[in-house]
Amino acid sequence: MLDAYADRWALVTGASSGIGAAFAQRLAARGMHLILTARRRERMEELAKDLDTRHGTKSAIIVADLSDPTAPKQLFDEVKSRGNTIELLVNNAGFGFVGEVSDTDVDHMLRMTRLNIGATIDLTYRILPGMLDRGHGAIINVSSLAGFQPVAYMPVYASTKAFVLHFSEALWAETRERDVTVMALCPGTVATEFFGIAGVAGWLKKRRSHTPNQVVKSALKALDKKRQYIVPGWRNYLLSLSIRLARRKMVVRQSMQFFRPKRKKDDAKEA
């Protein structure tokens with residue numbers, strides 16, 4: 001399906017690194033022009049220069065912090081003012097946090113919710129109607145394997161990704177007969193900057209299952225097939241199914257073994 005998107009525009013959020021940058025690289029290789037948005041201009045400028053050199057595609061850069069409630073509309077208005085018609089929207093921007101309740105900053109959690117959920121809703125509902133009017137287009141919303149279950153020590157993050165999964169599946173059902181695809185991408189642990197931002201740069205990073213390029217490759221194959229969601233990797237896919245069969249109490253208690261933060265040395269001595 002994306003072979004027909006050559007010379008059309010994609011909007012990728014969180015495009016400065018990780019999965020977002022990988023999407024930009026693979027879409028440019030298919031001939032798509034890109035609107036890249038994130039907070040870090042220098043990273044996006046380097047990426048845009050590389051894409052132009054490799055593929056000769058156009059890249060527009062819009063610096064935005066989408067956790068600001070006003071930013072998604074400003075981004076949409078800027079895209080509209082440039083006359084760019086979005087054929088593919090990749091709602092990738094997001095972050096996580098792993099920690100105990102006593103170490104959790106409520107404002108940080110609210111900011112996470114505004115970014116992971118609020119920006120996804122905002123951009124989807126602003127861009128999707130145009131796709132439906134034209135009778136073609138696609139949206140990829142980046143969820144997570146964590147969206148299939150409650151996860152101890154990262155309840156807000158897992159809950160935001162559960163929302164993104166259900167939101168995308170519902171819109172997939174609504175739009176599929178109008179030649180528009182809304183798909184949720186649900187990767188497991190991916191080798192990105194997520195771990196450092198979440199505060200678990202060491203121990204959780206060792207459990208990563210895929211690279212950003214592997215995740216994006218799986219996502220675009222699934223989008224070609226107009227799938228409603230994709231879990232990259234057969235082990236992760238089987239895990240997503242097994243979670244549905246297990247008792248919910250057992251699932252969330254099991255998550256404690258995998259996501260329990262390591263205590264600081266001083267804390268361990270006091271304990």
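Coordinate-derived values only; no laboratory data. Here the structure is a predicted model, which is why all the values come from computation and not from measurement.
Below, the figures for the structure above:
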{"read-out": "Over 28 Å between alpha carbons, listed pairs K49/K161; K73/K221; K58/K161; K161/K217; K49/K226; K161/K221", "value": "K49/K161; K73/K221; K58/K161; K49/K226"}
{"read-out": "Residue-span extension gain [Q74 to E177] - 0.36 nm each, minus C-alpha spacing", "value": "34.0 nm"}
